[in-house]
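Chemist: Dropping a structure here in C-alpha cells format, bear with me for questions.
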Amino acid sequence: MLVTATALLLAACGESPGNSKTEVIIGAGSTTFTVANAPYTTLPQALGFWKDEGLDVKVNGFQDGGTAVQAVVSGKANIAFPSLGTISRASEKGAKLKAFYNQYNNGFVPEVPEGSNIQRLADFEGKTVGVIGLDSSGTLMLRGAMTAEGSDPGKVKWVAVGDAATAYTFLQQGRIDAAALYDSAYGEIEFRGIKLRPIGPEWFKRLSLQQVGVSSEDYFKKHQDEIVRVLRGIAKATIFAEENPEAAIRIHWKIVPASKPVGVSDEAAMDQAKRVLAARNALTAKDNGQLGGASEEQLKAVDDFMKKAGIVPASFDLAALYDNSLFKEVNNFDAEKIREKARNYKVE
C-alpha cells in the first residue's frame, strides 16, 4: 500500500504544489515516518533546506526497500534509500540503476528478546522471524548473513509484520522468536517493554552502505545536479538533527503527529524519541568527516559480503553500479552555520 506524506510536508512549509521549483519524488522504504526518518523526509522541507536548493520535494512511503526500488525502476519515485544489497540484487536482475550516497551504516542487525536462547546466526534455523516485508532490507541482510556464516535461511519461517508495533505484539504473544527490522523499530519495541539484544558477528554489525541513495541510470545521467541538491538538503538536516535532536523531533511531530508516542507523558515520549534518533544518528556514514562518502575498505567489505552471501554472483561489478563522486559536492556548504541554526532554533 502506498502512503504519501506529501500533503503534510507541503502544508507544514506553506508550499504550493503549483510553484516553479524543480519537482523531485523520494521513495521512502517505509510507510511509517518515525523521527529516525526525519533527516530525509520532514526536516529538509520544514527547515527550508530543499527550498533553498530550488526544489519541490515530495516524499512517498512504500512498504520496504525492495518496493521503493521498484518505484524508482517504474518511475513512481526519482530517488530512494534502500540498502546497497537490495539495490545490487535488483541491478543483477536487470534493473538499470545507479547508487550514489552512503547515508547509514548497518541498522539491520537482527535482535531477539533478552532471555532468548538464540545466541548466534545459526540458531535462527527452525525459528520464526518477524520482518517488515518479505522483500525488505532486513530480510535480505539476515538471509545473507546466515548464508555467509554457513547456516541455512531456508530453515527460517519468515513472517511479515509490517511495523514495530505489530512486531512487539507478535513477540509478546510468542508468535515470532526474533525480529529482523531496523534500529528505530527496535527502539520502539524496547520502549513498549521488551528488552532486546543484537545477534550477529562483529564484521556484520560493522558493514556500511546499508542505506544508500539510488536512482535510475537515466535519471542519474540527466538530473545529477538535482540529486546533489536533494542530498545537500538531507546532509544539512542530518547535521541539524545531530546538533539539536529535541528541535528535530518536535518539528517532525508537528508534521507527522501520528509519529509521537501516545498514552505516555510528553517527557516520556521525548525520551523515547531521543533514543530512537540518537541510535539513527550513530549510524550516520561519514568518510573523513564528510557525509555520504564511502571508503574503499567499506565498499570492498560490502561487496565481499554480498558475494559470499549469494546476494550477487562473483562476477558482479559493484564499481559499475556505485558512484562515489557526488558526496564532496553535497558537502559544499557551511556546516557550522547549520549547527548554529540548530542551536538557536525554537519550535513554535
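The values are calculated or read from the model by the stated rules, or taken from the named source; none is laboratory data. The model shown is predicted, which means the values in this text are computed figures rather than measured ones. Cβ placement follows ideal geometry from the backbone for every residue including glycine, while neighbour counts extend to all protein chains displayed.
Chemist: Would you check if ILE227 is in a helix (DSSP H, G or I), crowded, with 17+ Cβ neighbours inside 10 Å and of a type in the set (A, V, I, L, M)? Explain how you work it out, then say what you get.
Modeler: Details: in a helix (DSSP H, G or I): yes; crowded, with 17+ Cβ neighbours inside 10 Å: yes; of a type in the set (A, V, I, L, M): yes.
So ILE227 fits the description; yes.
Chemist: Let me ask another. Here is a check on your reading of the model: is GLY27 modelled with pLDDT of 95 or more, touching a helix residue (DSSP H, G or I) at 6+ places or on another chain (Cβ under 8 Å) and farther than 19 Å from LYS341 by Cβ? Show your work before the answer.
Modeler: Details: modelled with pLDDT of 95 or more: yes; touching a helix residue (DSSP H, G or I) at 6+ places or on another chain (Cβ under 8 Å): yes; farther than 19 Å from LYS341 by Cβ: yes.
Yes, satisfied.
Chemist: If you don't mind, there's one more thing I want to ask. Output the residues belonging to the stretch 165-185 that are in a helix (DSSP H, G or I) and at pLDDT 95 or above. Talk me through it step by step, then tell me what you get.
Modeler: If we filter the stretch 165-185 for residues that are in a helix (DSSP H, G or I), which is where we start, we get 165-173, 183-185.
Result: THR166, ALA167, TYR168, THR169, PHE170, LEU171, GLN172, GLN173.
Chemist: Looking only at the stretch 322-340, how many residues end up being assigned to a loop (DSSP other than H, G, I, E, B) and either more than 25 Å from GLU92 (Cα to Cα) or in contact with a Phe, Trp or Tyr (Cβ under 6 Å, 6 or more places away or on another chain) (or both)? Talk me through it step by step, then tell me what you get.
Modeler: Of the stretch 322-340, the ones assigned to a loop (DSSP other than H, G, I, E, B) are 323-326, 331-334.
Still in the list and also either more than 25 Å from GLU92 (Cα to Cα) or in contact with a Phe, Trp or Tyr (Cβ under 6 Å, 6 or more places away or on another chain) (or both): 323, 326, 331-334.
Residues that pass the stated criteria total 6.
Chemist: Return a yes/no flag: does the stretch 244-252 have any residue that is under 18 Å from the mean Cα position of the chain (by Cα) and of a type in the set (Gly, Ala, Ser). First the steps, then the outcome.
Modeler: First pass over the stretch 244-252, keeping only residues under 18 Å from the mean Cα position of the chain (by Cα): 245, 248-249, 252.
Still in the running and of a type in the set (Gly, Ala, Ser): 248.
Among the residues of the stretch 244-252, at least one is under 18 Å from the mean Cα position of the chain (by Cα) and of a type in the set (Gly, Ala, Ser), which makes the answer yes.
Chemist: Read through the list (1) of a type in the set (S, T, N, Q); (2) under 22 Å from the mean Cα position of the chain (by Cα); (3) surrounded by fewer than 24 Cβ atoms within 10 Å (Cβ to Cβ), then give the number of the only condition that GLN172 fails.
Modeler: (2)
Chemist: For TRP203, all conditions in the list (1) over 17 Å from VAL57 (Cβ atoms); (2) buried (at least 22 other Cβ atoms within 10 Å of the Cβ); (3) out of contact with any Leu (no Cβ under 8 Å at 6 or more places or on another chain) hold save one; what is the number of the exception?
Modeler: Condition not satisfied by TRP203: (2).
Chemist: Go through ALA301, ALA294, ALA319 for me and flag whichever is in the same structural domain as GLU92 (by TED's automatic domain parsing) and part of a loop (DSSP other than H, G, I, E, B).
Modeler: Numbers: ALA301 fails: part of a loop (DSSP other than H, G, I, E, B); ALA319 fails: part of a loop (DSSP other than H, G, I, E, B).
Being in the same structural domain as GLU92 (by TED's automatic domain parsing) and part of a loop (DSSP other than H, G, I, E, B) holds for just one of ALA301, ALA294, ALA319, which is ALA294.
Chemist: Further question on the same structure: Go over the candidates GLY174, GLY138, GLY130 one by one and state the one that is under 26 Å from ILE26 (Cβ atoms) and either touching a Pro at 6+ places or on another chain (Cβ under 9 Å) or not assigned by TED's automatic domain parsing to the domain that holds ASP303 (or both). Step through it out loud before you land on a result.
Modeler: Values: GLY174 fails: under 26 Å from ILE26 (Cβ atoms); GLY130 fails: under 26 Å from ILE26 (Cβ atoms).
Residue meeting the stated conditions: GLY138.
Chemist: Using beta carbons and a limit of 7 Å, which pairs, at least six apart or on different chains, have the first residue in the stretch 202-226 and touching a residue at least 24 places away in the same chain (Cβ under 8 Å) and the second one surrounded by fewer than 21 Cβ atoms within 10 Å (Cβ to Cβ) and β-branched (Val, Ile, Thr)?
Modeler: Pairs found: SER216/VAL73; GLU226/THR22.
Chemist: Could you check how many residues of the stretch 133-160 are touching a strand residue (DSSP E or B) at 6+ places or on another chain (Cβ under 7 Å), under 30 Å from VAL262 (Cα atoms) and crowded, with 24+ Cβ neighbours inside 10 Å?
Modeler: Looking only at that region, the number is 2.
Chemist: When the stretch 300-345 is examined, which residues are found to be aromatic (Phe, Trp, Tyr) and buried (at least 19 other Cβ atoms within 10 Å of the Cβ)? Spell out the reasoning first.
Modeler: Taking the stretch 300-345 first, the residues aromatic (Phe, Trp, Tyr) are 305, 316, 322, 327, 333, 345.
PHE305, TYR322, PHE327, listed by residue number.
Chemist: Something else about it: Given the conditions (1) small (Gly, Ala, Ser); (2) within 28 Å of ALA319 (Cα to Cα); (3) not assigned by TED's automatic domain parsing to the domain that holds ALA68, which single one is not true for GLY213?
Modeler: All conditions are met except number (3).
Chemist: Here's another thing I want to ask about it. Determine which member of the set ALA36, ALA7 is assigned to a helix (DSSP H, G or I), assigned by TED's automatic domain parsing to the domain that holds PHE327, modelled with pLDDT under 95 and crowded, with 23+ Cβ neighbours inside 10 Å. It would help to see each step written out before you state the result.
Modeler: Details: ALA7 fails: crowded, with 23+ Cβ neighbours inside 10 Å.
Sole residue among the options that is assigned to a helix (DSSP H, G or I), assigned by TED's automatic domain parsing to the domain that holds PHE327, modelled with pLDDT under 95 and crowded, with 23+ Cβ neighbours inside 10 Å: ALA36.
Chemist: Next question. I'd like the full set of residues that are surrounded by 24 or more Cβ atoms within 10 Å (Cβ to Cβ), assigned to a helix (DSSP H, G or I) and touching a Leu at 6+ places or on another chain (Cβ under 8 Å), limited to the stretch 39-48. First the steps, then the outcome.
Modeler: As a first pass, look at the stretch 39-48 and keep what is surrounded by 24 or more Cβ atoms within 10 Å (Cβ to Cβ): 39-45.
Those still in the list that are assigned to a helix (DSSP H, G or I) too: 39-40, 43-45.
Answer for the stretch 39-48, where residues must be surrounded by 24 or more Cβ atoms within 10 Å (Cβ to Cβ), assigned to a helix (DSSP H, G or I) and touching a Leu at 6+ places or on another chain (Cβ under 8 Å): just GLN45.
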